[in-house]
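To start, the structure under review is shown below, and the notes come after it.
The values are calculated or read from the model by the stated rules, or taken from the named source; none is laboratory data. Given the structure is predicted, the values throughout are model-derived calculations rather than measurements. Here Cβ is always computed from backbone atoms with ideal geometry, including for glycine, and neighbour counts include all displayed protein chains. For accessibility, only protein heavy atoms count, side chains too; no ligands or nucleic acids. Shrake-Rupley method; radii C 1.70, N 1.55, O 1.52, S 1.80 Å.
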Amino acid sequence: MIAKVTFSPKSRQDHLDIGDHLAKDSRENSRRFIGKLTEQCQRIGISPMGYVGREDLARGLRMAASGRYVIFFRLIDDIVRIERVLLGARNLPVVLEDSNTQNRVVLLAQLQPRTESGRTSER
């Protein structure tokens, strides 16, 4: 069974940023590359467990290469969630740690108990 592939907001922004950067040289090449990158993301759904696990970077994280770019994803309840698409030359642990820290802050804010007035309680 092929897993459904979804994209996180950050991975959507990554696609836009990559496309904008490549379009500075050629809009046509940019469109073509983003199309191939998106196709690679969709192909991950065919066999997501066949890709390298990167538990050292984040729990449940896996990665797939696409040219000079690395696609980071998670398999959650038979759904592939593309988390980030990053240039492989970047300092990936630092970039991903920054993303994970921001996600943890949002998650913690959502988990804070609320008072009757709807405000989060102080602990």
Carbon + sulfur, % of accessible area of the stretch 13-65 - ligands and nucleic acids excluded, 1.4 Å
51
Residues other than Met63 with Cβ under 12 Å of its Cβ, Lys/Arg counted +1 and Asp/Glu -1, net out at +1
Hey, what does the equivalent ellipsoid look like for the stretch 6-49, semi-axes from the Cα gyration tensor as sqrt of 5 times each eigenvalue, largest first, whole Å?
22, 13, 5
17 Å tail of the calculated P(r), the stretch 14-85, as % of Cα pairs
43
